[in-house]
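Computed from the coordinates by the stated procedures, all read-outs in this text should not be read as laboratory data. On a predicted model such as this, the values are computed, not experimentally measured, just so you know. FYI the Cβ positions are ideal-geometry reconstructions off the backbone, even for glycines, and counts take in every protein chain you see.
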Amino acid sequence: MARRPDRPPKPLTAERLHKAALAYLERYAASTEQVRRLLQRRLQRATEAGVAEVGAPEIETELQRLTRAGLLDDAAFAEMKVHSLGRRGKSRRGIGLALRRLGVAPDQGAAALAEADEAPEAELARAVAFARRRRLGPWRPAGERAARRQRDLAALGRQGFPLSLARQVVEAEDAETLEQRIKGG
């Protein structure tokens, strides 16, 4: 099969920057920093090809435009990510790292984490979600639990859960006991 010849890139204009940002936001929830990185990559490729009609100031203008329109809201994004990652079993520490990697400002990430941690057993619930997903501790077959105890503790530790919490999860008699503890019973 013959390869198509490369088409020359279209000029990068402010309107194309806007369309690229909107297309990205239609597909993904994103932080301001993620959209900034996307637009900077577009600008870099256009500059290398010699077709950039805009520069870095236009990227910042576009980000401000999207923020004013309500399409970019880092606080809402951080809150959504905290809940999403928590349901998947990420620890408080792991969530904080993920938020920083996604470009969320430290104060917004801390506020979203603080709000999520208002529940008394929030970190335990995240550890239980991780253990359930990976079939650790009480979710292992009874004959394997003693032999795999250290590995289970290590898996929870690598996720950023404190040892005392990892022990609570791994040494629980059964999953129902943990579920009751989460519900406060």
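The table for this structure:
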{"item": "Amide hydrogen neighbours beyond the local backbone of S31, cut-off 5 Å, H modeled", "result": "none"}
{"item": "Backbone HN-Hα couplings from phi across the stretch 14-27 [Karplus 6.51/-1.76/1.60, Hz, Gly and Pro as x]", "result": "4, 5, 5, 4, 4, 5, 5, 5, 5, 4, 5, 5, 5, 8"}
{"item": "Point-to-point label distance, R87-A147, nm (Cα→Cβ direction, 7 Å offset)", "result": "3.6 nm"}
{"item": "Least to most buried among D117, D6 (fewest other Cβ within 10 Å first)", "result": "D6, D117"}
{"item": "Those trypsin sites (Lys or Arg not before Pro) in the stretch 115-185 that DSSP places in a loop and that have at most 14 other beta carbons within 10 Å", "result": "R135"}
{"item": "Highest-MSF residue in the chain out of K90, K81, K19 [GNM, Cα springs under 10 Å]", "result": "K19"}
{"item": "When the chain is reduced to its Cα atoms, the Kirkwood hydrodynamic radius in Å", "result": "19.4 Å"}
{"item": "Computed magnitude of the charge dipole of the stretch 90-185 (debye, nearest 20; Cβ of K, R +1, Cβ of D, E -1)", "result": "620 debye"}
{"item": "Whole-Hz ³J(HN,Hα) from phi, Karplus 6.51 cos²θ - 1.76 cosθ + 1.60, for the stretch 80-94, glycine and proline x", "result": "4, 5, 4, 5, 4, 5, x, 5, 7, x, 7, 6, 4, 5, x"}
{"item": "Whole-Hz ³J(HN,Hα) from phi, Karplus 6.51 cos²θ - 1.76 cosθ + 1.60, for the stretch 121-127, glycine and proline x", "result": "10, 4, 5, 5, 4, 5, 5"}
{"item": "Net lengthening on full extension, H18/D174 (0.36 nm per residue, minus Cα-Cα)", "result": "50.9 nm"}
{"item": "Cross-link partners of K10 among lysines (Cα-Cα below 16 Å; sequence separation of 8 or more within a chain)", "result": "K19"}
{"item": "Relative contact order (percent, whole number), the chain, Cα cutoff 8 Å, 6+ residue spacing", "result": "19 percent"}
{"item": "Cα-projected label distance for K10 with E26, points at 7 Å along beta-carbon direction, nm", "result": "1.3 nm"}
